[in-house]
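Engineer: Here it is: the structure, laid out below.
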Amino acid sequence: MSSQSLKLIAAGLALLLLLWGGSALLSRGSDSVRGALDLHVPAQAGVDTITITKRPDTIVLGRQSATDWTVNGHRAAAGSVTDLFQALGDTARPELVAQDSSSFARLQVDSTGGRWLRLRHGGKVELELIVGTRPTDYQSAYLRRPGDAHVYLWRGRLGSVVDRTLDDWRDKRIAVLAPDSIAAVEVVRGKDRYAVTRSGKAWKVNGASADSGAVARYLDRLKAITASGFATPPDTASRKTSRQERRLAVRSRRHVLLSLAFDSIAGGFVVRHQAGTAGGGGGGGGGGEDATVYRMNAWDVDGVTPTSASLLPPKSTSATKSVPKK
């Protein structure tokens, strides 16, 4: 047999091995190859309802205006829906990791184990995905289209966004205040009760001159009062045996801008709106009185209800020198 024939046989065997290896790679769910997946994500303005379903729970986001959304009847956090569309637009090329239904349960992209993401407009489904488990790097997730056996590894934040709980989607802003609109602040902190009032360009605390720098920092702290979460039924029940209560009232020259009640519970405070127009919109409508019961960390409550002494000028620490007797 000539050397030329041997070369042709070797080349043929090599080609067969390559074809066999490619076929085996495509048939194995644990291996990955580059795949083509175009989601055809609709524009955010072209979507009015988003649902994320993981049995037995469903999160429903509904558009209220060009910028405002609700989530299960509560106001959604600003930018939360934009986060989802940005995650859907991640440009990292997906990897085809399986193309057989036998891998669905393992990757949690089956009909029961996966998270169903649906984007609708006028009742019509514009995009539908099943998002599965997240690999160990937590910056990616497996996903597939319903009815399609191809499973892809999607690199980006999509997995973490659809993993959000209802509380993660909700707006945690309790109040938003403009310091220039504030004419007076009243605080009840146990036995420490005081009023901070504007007097021209200066401020007073219970009639005494205040530390202008401390008051400026305090008013800046009141710009946005944000909760750490939302009160649970046990939190609300424990209010009956709360260890301490605090109150905060913020007024303009004509109106009550905000009135909050703080009741101490284990690990923090539950917070309720009592009056005012500066609500952050934790309820469905935004602004005005808010029936939502929030939860705040103790140090954050200390920041919005500081002690009166912290707003007064520091006492002089210079010692008086004694004059020696002759």
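Engineer: Taking the range 135-149 only, how many residues are open to solvent by 20 Å² or more (accessible area, probe 1.4 Å) and in contact with a Ser or Thr (Cβ under 9 Å, 6 or more places away or on another chain)?
Structural biologist: 5
Engineer: Related question: Please name all residue pairs, on different chains or six or more residues apart, with Cβ atoms under 7 Å, provided the first residue is in the range 127-149 and is at pLDDT below 95 and the second residue is among the acidic types (D, E) and assigned to a loop (DSSP other than H, G, I, E, B).
Structural biologist: Pairs found: A149/D100.
Engineer: Can you tell me which residue in the range 249-267 is nearest to the chain's Cα centre (by Cα), limited to those that are closer than 15 Å to R295 by Cα and either at pLDDT below 90 or not charged (D, E, K, R) (or both)? Don't jump to the end; show me each part of the working.
Structural biologist: From the range 249-267, those closer than 15 Å to R295 by Cα are 260-267; that's our starting set.
Restricting the remaining residues to those that are either at pLDDT below 90 or not charged (D, E, K, R) (or both) gives 260-262, 264-267.
Values: L260: 23, A261: 24, F262: 23, S264: 24, I265: 23, A266: 23, G267: 21 Å.
Among residues in the range 249-267 that are closer than 15 Å to R295 by Cα and either at pLDDT below 90 or not charged (D, E, K, R) (or both), the one nearest to the chain's Cα centre (by Cα) is G267.
Engineer: Count, please, the residues in the range 150-171 that happen to be among the aliphatic types (A, V, I, L, M) and either open to solvent by 30 Å² or more (accessible area, probe 1.4 Å) or in contact with a Cys (Cβ under 6 Å, 6 or more places away or on another chain) (or both).
Structural biologist: Quick first cut of the range 150-171, residues among the aliphatic types (A, V, I, L, M) only: 151, 153, 158, 161-162, 166.
Filter again for either open to solvent by 30 Å² or more (accessible area, probe 1.4 Å) or in contact with a Cys (Cβ under 6 Å, 6 or more places away or on another chain) (or both), leaving 166.
Number of matching residues: 1.
Engineer: If you don't mind, there's one more thing I want to ask. Under the condition of being within 21 Å of the chain's Cα centre (by Cα) and open to solvent by 30 Å² or more (accessible area, probe 1.4 Å), which residue from the range 268-285 is modelled with the lowest pLDDT?
Structural biologist: The residue in question is G285.
Engineer: Out of I182, I174, I need the residue that is within 19 Å of S259 (Cα to Cα) and either open to solvent by 70 Å² or more (accessible area, probe 1.4 Å) or out of contact with any Lys or Arg (no Cβ under 8 Å at 6 or more places or on another chain) (or both). Which one?
Structural biologist: Numbers: I182 fails: either open to solvent by 70 Å² or more (accessible area, probe 1.4 Å) or out of contact with any Lys or Arg (no Cβ under 8 Å at 6 or more places or on another chain) (or both).
That would be I174, the only listed residue that is within 19 Å of S259 (Cα to Cα) and either open to solvent by 70 Å² or more (accessible area, probe 1.4 Å) or out of contact with any Lys or Arg (no Cβ under 8 Å at 6 or more places or on another chain) (or both).
Engineer: While we're here: Please report, ordered by residue number, the strands (runs of 3 or more DSSP E) entirely within the range 130-226 with at least 3 residues that are over 20 Å from the mean Cα position of the chain (by Cα) and closer than 30 Å to I52 by Cβ. Spell out the reasoning first.
Structural biologist: Details: elements: 140-144, 151-155, 173-176, 184-189, 192-199, 202-205, 224-226.
Strands (runs of 3 or more DSSP E) meeting the threshold: 140-144, 151-155.
Engineer: What number of residues in the range 132-170 are touching a helix residue (DSSP H, G or I) at 6+ places or on another chain (Cβ under 7 Å), β-branched (V, I, T) and closer than 20 Å to A77 by Cβ?
Structural biologist: So the count comes out to 1.
Engineer: Could you please find all residues in the range 84-121 being open to solvent by 70 Å² or more (accessible area, probe 1.4 Å) and part of a loop (DSSP other than H, G, I, E, B)?
Structural biologist: T91, R93, Q99, D100, Q108, T112
Engineer: Would you mind stating whether R120 is over 20 Å from the mean Cα position of the chain (by Cα), within 21 Å of H40 (Cα to Cα) and either modelled with pLDDT under 90 or not β-branched (V, I, T) (or both)? Quick ask: steps written out before the conclusion?
Structural biologist: Values: over 20 Å from the mean Cα position of the chain (by Cα): yes; within 21 Å of H40 (Cα to Cα): yes; either modelled with pLDDT under 90 or not β-branched (V, I, T) (or both): yes.
Yes; evaluated as a whole, the condition is true for this residue.
The values are calculated or read from the model by the stated rules, or taken from the named source; none is laboratory data. Everything numeric here is computed off the predicted structure, so don't read it as measured data. Note: ideal-geometry Cβ built from the backbone for every residue, glycine included; neighbour counts use all protein chains shown. When the accessible area is computed, the model is the full protein with side chains, heavy atoms only, and any ligands, DNA or RNA have been set aside. Shrake-Rupley method; radii C 1.70, N 1.55, O 1.52, S 1.80 Å.
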